[in-house]
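**Q** A single structure is presented below for examination.
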């Protein structure tokens, strides 16, 4: 957090305009188009207690799926913080766990042990009843990442580069929205999840 | 307690984290590509050029890989050409997927989409998929610009299923599965998104049947509202407002300003020889006004921007000129510099640092008026002034590079 604030101060000094992202009135849409994009590939991973968790366990519930790693210096803390805000809003709306769930999958299982992930989850106030942090061995994680087109590659300074996406999955296991981490808006995600929950059978037509 | 503390600081930290993590939002940024695409953070090493044979139908369209690394012994040379296995496609625009691992290449005449993998080895693209049945899938024809949105490509499609009438937008997954079509009221040319406002603007040109007809037989009466831009709610995929330019038509390239929070941008009218400004008002509606005349006989073909929102670069297809416009006073833009005598300039590409501008000189085969096809480079000074680089020119008039018509470019 201190690092983030220090970075912010530096950026402000450098004259980088920030107002658009601090603006509470950032546009959201009340009637999102949520076409079926693709079938969400099923996976089986383990939570921070070592229990086996499959995506198909979540049938009947809306799921927001993010790929993160705990040592990520930039976008992962951002998305995890926004998911923490979303968790609070889902709870306030009586949707958390029973109708809407959050899943964070580490793309760096070599570094992110179950204990590290647990600590990371706690630092964001994650309620593990409805927001699970998942991992597996690197060999078992790799095909899961590939199925979501979620490659990783090492940058020259040792950081991990990976696509900056979050997936919204409906009650039938279909991907209904893909968000960019850079422009993720948890208020819009809440609206989208509510839209899925209120119309569990609705699928936007192709034309 | 922990959560509450985070909540207090959320907006500030989010702003900082985004700005720190995504250089595309800062002043040294690659311009004129989707803001969802992973940004190029270093000088370009390789260029991908989408081109077609000079004599249409005689040979395959191809993606060329060009060495643009200044220190390389093969600087300025075509390293390889990847043919697409078919001819007569009319290679036109290309676009990266959001993760920069694939290039989608659109073909105007056959509506085929070609997907190249550039993630595995950026110096050796591989053709991994061809979508042959785009009109059947989408109900639309004439794909113009492939534009990245998260995990998907949004393609501006000029016309209806038979190559006439209004077109729309076609949405595919990055690996080429059709998702949905969204109807437009005009003939979409290009899509530009400002994510923080959830707003998308599409420009317009003409239907497929027009450009597949000899130029002297073009019939503007068959075009659908060629003087309009459409403002969309991106999340809803819904048209919110139609911006009309009165008499200026063929509204081609459009550019939002890059500064986060900037509510305005510009587009060119090819038939009107003009630059137009669109601006979002406080109430969320848009206003639309002519910003400048480019001069009679220009026929603007492409519009590019500097990373700092200070300059626009405009190619005059008929006027054989590239213009630099000073837009530091957004409502009063002025002609800043020109390069003259460059025949038939068309597509341009500005580098991430705003210091170089590559340009090609083929538009579409039915309107090209000079066979002197080439790619050239303009060096841009910190003051936005331009100088043609005498050390970089790829001649596409003859072998080994041609004869070919070079059109759209991407850098990596």
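No lab work stands behind these numbers, since they all come straight from the coordinates. In this text the structure is predicted, and so the values were computed from the model without any measurement. Cβ coordinates were reconstructed from backbone atoms using ideal geometry, including for glycine residues, and neighbour counts include every protein chain displayed.
**Q** Can you give the mean number of other chain Cβ atoms that lie within 10 Å of the Cβ atoms in peptide B:229-235? Numbers along the way, then the final one.
**A** Numbers: counts 0, 0, 0, 0, 6, 4, 13.
Partner Cβ neighbours, averaged per residue: 3.
**Q** Binning every alpha carbon pair distance of region B:66-118 at 5 Å from zero, what are the percents per bin?
**A** Values per bin, smallest distances first: 4, 18, 20, 20, 20, 13, 5, 1.
**Q** For region B:221-323, what does the relative contact order come out to in percent, with C-alpha contacts under 8 Å and a separation of six or more? Kindly include the intermediate steps, with their values, before the conclusion.
**A** Numbers: 222 pairs, mean separation 19.0, N = 103.
Relative CO of region B:221-323 lands at 18 percent.
**Q** Please give the average number of partner chain Cβ atoms lying within 10 Å of the Cβ of each residue in B:257-263, rounded to a whole number. Before the final figure, lay out the partial values.
**A** Working: counts 0, 0, 4, 8, 8, 2, 1.
Rounded to a whole number, the mean comes out at 3.
**Q** Order these peptides, B:151-160, B:254-263, by their mean beta-carbon neighbour count within 10 angstrom, highest first.
**A** On the way: B:151-160: 27.4, B:254-263: 20.5.
Averaged packing, sorted descending, gives the order B:151-160, B:254-263.
**Q** Continuing with this model, one more query. How many nm separate the modelled label positions at residue B:55 and residue B:383, each set 7 Å beyond the Cα in the direction of the Cβ?
**A** Here the answer is 4.9 nm between the modelled labels.
**Q** When only Cα pairs under 8 Å and 6 or more residues apart are kept, what is the percent relative contact order across chain B?
**A** On the way: 1161 pairs, mean separation 52.6, N = 412.
Relative contact order here is 13 percent.
**Q** Another question, then. Would you mind computing Rg(Cα) / (2.2 N^0.38 Å) for region B:249-289, counting N as its residues? Please report the intermediate quantities before stating the final value.
**A** On the way: Rg = 10.9 Å, N = 41, 2.2 N^0.38 = 9.0 Å.
So the Cα radius of gyration is 1.21 times the expected 2.2 N^0.38 Å.
**Q** What is the distance in Å between the Cα centres of region A:112-152 and region B:189-210?
**A** Cα centres, region A:112-152 to region B:189-210: 38 Å.
**Q** Here is a further query. What FRET efficiency would be calculated for the residue pair residue B:370, residue A:153, taking the C-beta separation as r and a Förster radius of 30 Å, to the nearest 0.05?
**A** Details: r = 43 Å, r/R0 = 1.45.
With R0 = 30 Å, the Cβ-Cβ based efficiency is 0.10.
**Q** A further question on this structure: Could you give the semi-axes, largest first, of the ellipsoid that matches the protein assembly as shown, computed as the square roots of 5 times the alpha carbon gyration tensor eigenvalues and rounded to whole Å? Mind dumping the intermediate values first?
**A** Numbers: eigenvalues 329, 126, 123 Å².
Values for the protein assembly as shown, descending: 41, 25, 25 Å.
**Q** Mind ranking B:385-395, B:314-324, B:41-51 by how tightly packed they are, going by the mean number of other C-beta atoms within 10 angstrom, highest first?
**A** Details: B:385-395: 14.5, B:314-324: 23.2, B:41-51: 19.7.
Sorting B:385-395, B:314-324, B:41-51 by mean packing, highest first, produces B:314-324, B:41-51, B:385-395.
**Q** For residue B:177 and residue A:59, FRET efficiency with R0 = 25 Å and r from the beta-carbon atoms, rounded to 0.05?
**A** Working: r = 22 Å, r/R0 = 0.88.
Efficiency at R0 = 25 Å is approximately 0.70.
**Q** Shifting gears a bit: Inside 10 Å of the C-beta atoms of B:36-43, what's the mean count of C-beta atoms belonging to other chains? Walk me through the numbers on the way to the answer.
**A** Working: counts 7, 1, 5, 1, 0, 1, 0, 0.
The per-residue average across the peptide is 2.
**Q** How much length, in nm to one decimal, is gained on full extension between residue B:289 and residue B:129, taken as 0.36 nm per residue of separation minus their Cα-Cα distance? List each step's numbers first, then the result.
**A** On the way: separation 160, 0.36 × 160 = 57.60 nm, distance 4.20 nm.
Taking residue B:289 through residue B:129 to full extension adds about 53.4 nm, to one decimal.
**Q** Still on this structure: Output the relative contact order of region A:35-198, whole-number percent, from Cα pairs under 8 angstrom with separation of 6+ residues. Intermediate values should be presented prior to the final figure.
**A** Values: 262 pairs, mean separation 56.1, N = 164.
Value for region A:35-198: 34 percent.
**Q** Treating only the Cα positions of region B:2-411 as identical point scatterers, give the base-10 log of I(q)/I(0) from the Debye formula at each q in 0.11, 0.14 Å⁻¹.
**A** Computed log10 I(q)/I(0) values: -0.75, -1.31.
**Q** Label-point separation (nm) for residue B:72 and residue A:42, each offset 7 Å from Cα along Cα-to-Cβ?
**A** Reported label-point gap for residue B:72 and residue A:42 is 4.6 nm.
**Q** Plugging the Kirkwood radius over Cα pairs into Stokes-Einstein for region A:35-198, at a temperature of 20 °C and a viscosity of 1.002 mPa s, what D comes out in µm²/s?
**A** Working: Rh = 15.7 Å.
It diffuses with D of about 137 µm²/s by this estimate.
**Q** Have a look at B:341, B:168, B:139 and tell me which one the Gaussian network model of chain B (Cα, springs below 10 Å) gives the largest fluctuation.
**A** B:341
**Q** Suppose the chain between residue A:123 and residue A:160 were pulled fully straight at 0.36 nm per residue; how much longer would it get relative to their current alpha carbon spacing?
**A** Extending this stretch completely gives an extra 11.2 nm.
**Q** Separation between the residue B:335 and residue B:45 pseudo-spin-labels, each 7 Å from Cα along Cα→Cβ, expressed in nm?
**A** About 4.2 nm, to one decimal.
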